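**Student:** Sharing a structure, written as structure tokens. Questions coming.
Each value in this text was obtained by applying a stated rule to the coordinates, not by laboratory testing. Treat the numbers as computed from the prediction; the structure is a model and nothing was measured. Cβ sites come from the backbone with ideal geometry, for glycine too, and all protein chains shown count toward neighbours.
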Amino acid sequence: MSLLINILSDYQKNSLENVKLLAALKLFDPNTDVLCNKANFKTCGVIEPAMYLMLTEKEYPENTLHVIDTKIAGNLPEKYVLACSNKQWYVVPDNGILSILMENKPCSFFEIPTKPGQFVDFTKHILIPALWNITDANFAKENIQLPPARTIVDSRLGEPGFQNNIYQLSIIYFDENGDTYYNLHKDYFDENIAGNAFDIRLSITQSISKISEHYSQVPEGEIAALFHPSGYLYLKNHHGNTRKLLGLRQDSKLMLQVKK
């Protein structure tokens, strides 16, 4: 079975770290296909890489291995986890990423042991042992020889704030097209808001009063509010960049007012 590795890295293409990683992967299996996605994630952040994987994982074939090899991993060397969910595999630091990514999904977690006090070389001590385990197990999680991870670091996106019929939504992710994702999940919307008239305030003069099924349902140049298959609300500009159009920053808020 061929192996596809999707690496999320903030290392420069010709950096020593990146060269060492790619060389080790080719030494492991010359036929391994490697995709390098240079990610501009905040150091030590967990939401952005989790959201990136959540939004893109369905684009990859079964048994793709997603690897986070960034400053995020380098700053948290104490514990690394191999995870498997819906025939996708992940090697990530145990810093809260997995609890966001795997929320409400069936998942198996395995701890990649390191020795106390040992300097951890990510490629040598983490990635290669994980690869050997996956391939020796023929991608069957029940055959993985690593010890189960009894607990993982818990991290949550948080729910919208609510006061006086107004929900205050926080930005959790901007994608490369400027589509903007918020911490309003469809389950929460269905339980608390659905069935009521509402306005999503984009600006003093702009608002949206419905959730669209597809962005093509709004005129070209306008902004649609949709629920992504991951469950989270996002704003998309029809043939444009929502982030630039609305002048959004990471700390910008979105107000959803329920009309009762």
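**Student:** What nm value, rounded to one decimal, do you get for the distance between Ile128 and Gln250 when each label is placed 7 Å out toward the C-beta?
**Tutor:** Taking the two extended label points, one gets 3.5 nm.
**Student:** Follow-up. Mind telling me which of Asp94, Asp69, Asp154 comes out most flexible in a GNM of the chain, alpha-carbon contacts under 10 Å?
**Tutor:** Highest fluctuation among the options: Asp154.
**Student:** Give me the distance in nm between label points sitting 7 Å out from Cα along the Cα-to-Cβ direction at Leu16 and Ser216, one decimal.
**Tutor:** The two pseudo-label positions are separated by 5.2 nm.
**Student:** Given the C-alpha atoms of the stretch 161-259, compute the convex hull and give its volume per residue in Å³.
**Tutor:** 101
**Student:** Could you list Thr64, Thr56 in order of exposure, starting from the residue whose Cβ has the fewest other Cβ atoms within 10 Å?
**Tutor:** Thr56, Thr64
**Student:** Which of Pro30, Pro129, Pro160 moves the most in a Gaussian network model of the chain with Cα springs under 10 Å?
**Tutor:** Maximum fluctuation in the GNM of the chain, among the listed residues, is at Pro30.
**Student:** Next question. Give me Arg156, Arg150, Arg201 sorted ascending by neighbouring Cβ count inside 10 Å, so fewest comes first.
**Tutor:** In order of increasing Cβ crowding within 10 Å: Arg150, Arg156, Arg201.
**Student:** Just to be sure I understand: of the beta bridges DSSP finds with both ends in the chain, what percent are antiparallel, rounded to 5?
**Tutor:** 75
**Student:** Just the number, please: Stokes-Einstein D of the stretch 129-219 in µm²/s, Kirkwood Rh from C-alpha pairs, 4 °C, 1.567 mPa s.
**Tutor:** 74
**Student:** Which of (i) 50; (ii) 38; (iii) 24 is the computed percent of Cα pairs over 29 Å apart for the structure on display?
**Tutor:** (ii)
**Student:** Still on this structure, please answer the following. Using only DSSP helix segments of four residues or longer, with each worth -39500 (n - 2.57), what per-residue ellipticity at 222 nm results for the chain after dividing by its residue count and rounding to 500?
**Tutor:** Helices in the chain give a 222 nm mean residue ellipticity of -5500 deg cm²/dmol.
**Student:** For Lys259 and Gln206, compute 0.36 nm times the residue count separating them, minus their Cα-Cα distance, and round to one decimal in nm.
**Tutor:** That works out to 17.4 nm of additional length.
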